[in-house]
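Each reported figure results from applying straightforward, stated rules to the coordinates on display, with no laboratory input. Computed from a predicted structure; not experimentally measured. Cβ atoms come from the backbone with ideal geometry, glycine included; neighbour counts cover every protein chain shown.
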Amino acid sequence: NISTKFSSIMKNLSGKGKITEKNIRDAVEDIKMSLLDADVNLRVVRKFINSTLEEALGEKVLLSVDPGQQFTKIVYDKMVALLGDESGQELKLKGKDTTSVILMMGLQGSGKTTTAHKLALKLTKEGRKVMLVAADLVRPAAITQLQVLGEKVGVRVFTIPGEKNPVKVATEAVKTARHELYDTVIIDTSGRMHLDDTLMKEIQDIAKAVNPDETLFVADAMTGQNAVTIAKEFEEKVGISGVILSKFDSDTRGGAALSLKSVVGKPIKFIGTGEKSEDLEAFHPDRIASRILGMGDVVSLVEKAQQAFDKDEAERLAKKMQKNTFDLQDYLDQLENMNKMGSVDKLIEMIPGAKGNISEEDINLKEVEVEKAIIKSMTKFERANYRIIGPSRRKRIAKGSGTSVADVNRLLKKFEKSKLMMKKLLGNKKLQASMLSKM
Ligand code: GDP
Ligand code: MG
């Protein structure tokens, strides 16, 4: 697997007080091999390697205090650049007072139909009125598949029973959408097993007829380099405005993501991370890069924490928040929950740059421990009624927990602030719903 390989390459380099030009050349050679193994496009690998070498061999690295770390940073930056920055990721749709058209394209089985309905759900949640269009008239079950998925997410699916011409279906759909004030039309099209002229001609004709705002190329992340060849063909013949990498959940090679942006020059807008309607995520190059490099990833750290927070508990707390009866005991429970994230050792591993610099004692989740101790020194009644904790109680609690009155003050202030925050959120029904759905 590419990321474990990267970690070992990096481990070899880091910790070396001094590294030589040969060390760097060897490491770069190793990286080259693992990228090629991961099925990354050769041209992309060459570009990546050359620019990394050039920078890494500069004096800045060789003479720096920690050359290993400096080198890792260069490799990381180059990889993020390769994956593309986050600009141009949003869908470029027109306002809701008119109708925008999204055209899905790609090979058969790449995930067009699934992605179309995921996108429909996402845009519906953003307040758009979406229509799905069944313009795959090649696969016998394609229309039914889209109908089932559309129903699942509550989105209308436009079909013309018996019609054999996909261009006709697409144009009629857009016409209907305009009349009935749909602001977004997502056209699902047919794919073939391999590229062929009939498929290209069909997509070209549809594109010409409906003039899409977005032409999204759906690529199966598992197909590696092959996806690049196909994307290039679609870009030349039809034009691509963005790429969606499906099946990223099962991608163990990562080659496609690295190559696509670099060769085709189009932003990766989303990644598909599963078969369910919600499994569509924005593409974050920095996250993918650090995952590939095994460099640690603050974002996944946070996500892990959220997962550890077990679901029942979350629901119970959410209910309390709704009624605004969340008290210090609940807060303590929440803190205890953090321990479920695993050993502190594992946590440190996930904080970029922390390994070797921060010891287990250093991090010790100090503040958490202090807060836990403070609440544990409170009586049951105090935990449930934080307002009654006046100066003398504060003094007693500080003494009992081996902390200071300032510590107790800080905790209570923080708690009060979060209660206020919750109260504000409670006034906002929409936000509340979305918060609860994330928990
Ligand atoms: P199409 O022929 O391009 O329309 O592809 P489909 O949308 O029918 O998808 C082909 C298969 O891939 C189906 O079994 C989907 O459930 C599956 N699939 C699509 N996207 C994803 C994804 O992001 N993750 C996973 N695990 N499976 C996916
Ligand atoms: Mg399909």
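What is the extension gain from T171 to K395, computed as 0.36 nm multiplied by their sequence separation minus the C-alpha to C-alpha distance, in nm to one decimal? Can you show the working numbers first?
Details: separation 224, 0.36 × 224 = 80.64 nm, distance 7.48 nm.
Roughly 73.2 nm would be gained on extension.
Along Cα→Cβ, 7 Å out, is where each label goes; now give me the distance between the ones at R192 and A406 in nm to one decimal.
7.4
Which net charge results for the neighbourhood of S404, defined as the other residues with beta-carbon distances under 11 angstrom from its beta-carbon, given Lys and Arg at +1 and Asp and Glu at -1? Don't skip to the answer; put the middle values down first.
On the way: positive: R394, K395, K399, R410; negative: D407.
Result for the local shell: +3.
Just grab the label-to-label distance for K22 and R128, each label 7 Å out from Cα along the Cβ direction, in nm (one decimal).
In this crude label model, K22 to R128 measures out at 5.8 nm.
Quick one: S250, S190, fewest Cβ neighbours within 10 Å first, how do they rank?
Working: S250 12, S190 20.
Lowest count first: S250, S190.
Projecting each Cα onto the charge dipole of region 100-284 (Lys/Arg +1, Asp/Glu -1 at the beta carbon, about the Cα centre), which of L195, V157, I230 comes out farthest on the positive side?
V157
Can you compute the radius of gyration and Dmax for region 100-284, using only the Cα atoms, both in Å?
When restricted to Cα atoms, region 100-284 yields Rg and Dmax of 15.1, 46 Å.
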